Amino acid sequence: MADDLPQRGLDVRLVVSGRHCRLITFTQGGIDYVVVAIGSVRGRRDVPIRAVDEESLLIDASRSATSAEILIGIPIDPRTADPVRCRERVLSSQLCQGGPIRQMLGVTGVHSVLVPVLAPANHAA
């Protein structure tokens with residue numbers, strides 16, 4: 001269904017810390033997402049992808065040390081006990097099982113991504 005497709009908002013090119021980037025925003029189901037593609041990712045394979053806090057997305061982009069990387073700002077309730085792990089789970093789930101993030105990666109032209117492996121959760125004794 002067309003209603004299930006993410007609705008793209010912004011798609012702009014910008015320079016962050018001297019590096020060319022592409023900022024893409026999209027909405028699905030009332031949830032806003034932001035993607036920053038750092039460097040040239042079109043046609044590339046094995047591009048690292050990371051889930052980050054939306055508010056620090058451009059700061060994280062300025063600190064990226066790889067030639068190409070994709071950062072996804074994933075909205076998480078700040079009261080979540082472990083927001084970093086929660087973002088990683090959302091990213092992994094959507095990339096492996098499908099979802100708006102996976103759909104929107106097609107817009108970047110990337111052929112494949114490298115997803116961080118989730119470390120086992122630490123449980124209190």
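The values are calculated or read from the model by the stated rules, or taken from the named source; none is laboratory data. Quantities reported herein were computed from a predicted structural model and do not represent experimental measurements. So basically every Cβ, Gly included, is an ideal-geometry build from the backbone, and we count neighbours across all protein chains shown. Just so you know, the surface numbers come from the protein's heavy atoms only, side chains and all, with ligands and any DNA or RNA stripped out. Shrake-Rupley method; radii C 1.70, N 1.55, O 1.52, S 1.80 Å.
Annotations for the structure displayed:
- Test: residue in the stretch 115-125 that is open to solvent by less than 50 Å² (accessible area, probe 1.4 Å), modelled with pLDDT of 85 or more and either over 17 Å from Gly9 (Cβ atoms) or touching a Leu at 6+ places or on another chain (Cβ under 6 Å) (or both): no
- For Gly43, the conditions (1) surrounded by 12 or more Cβ atoms within 10 Å (Cβ to Cβ); (2) not in a helix (DSSP H, G or I) are fulfilled apart from (1).
- In the stretch 55-72, the residues that are over 13 Å from Leu91 (Cα atoms) and open to solvent by less than 70 Å² (accessible area, probe 1.4 Å): Ser56, Leu57, Asp60, Ala61, Ser62, Ser64, Thr66, Ala68, Glu69
- Yes/no for Gly109 being out of contact with any Leu (no Cβ under 7 Å at 6 or more places or on another chain), open to solvent by less than 40 Å² (accessible area, probe 1.4 Å), modelled with pLDDT of 85 or more and over 19 Å from Phe26 (Cα atoms): no
- Matching residues in the stretch 73-88 - criterion: being β-branched (Val, Ile, Thr), touching an Asp or Glu at 6+ places or on another chain (Cβ under 9 Å) and either buried (at least 16 other Cβ atoms within 10 Å of the Cβ) or not in a helix (DSSP H, G or I) (or both): Ile74, Ile76
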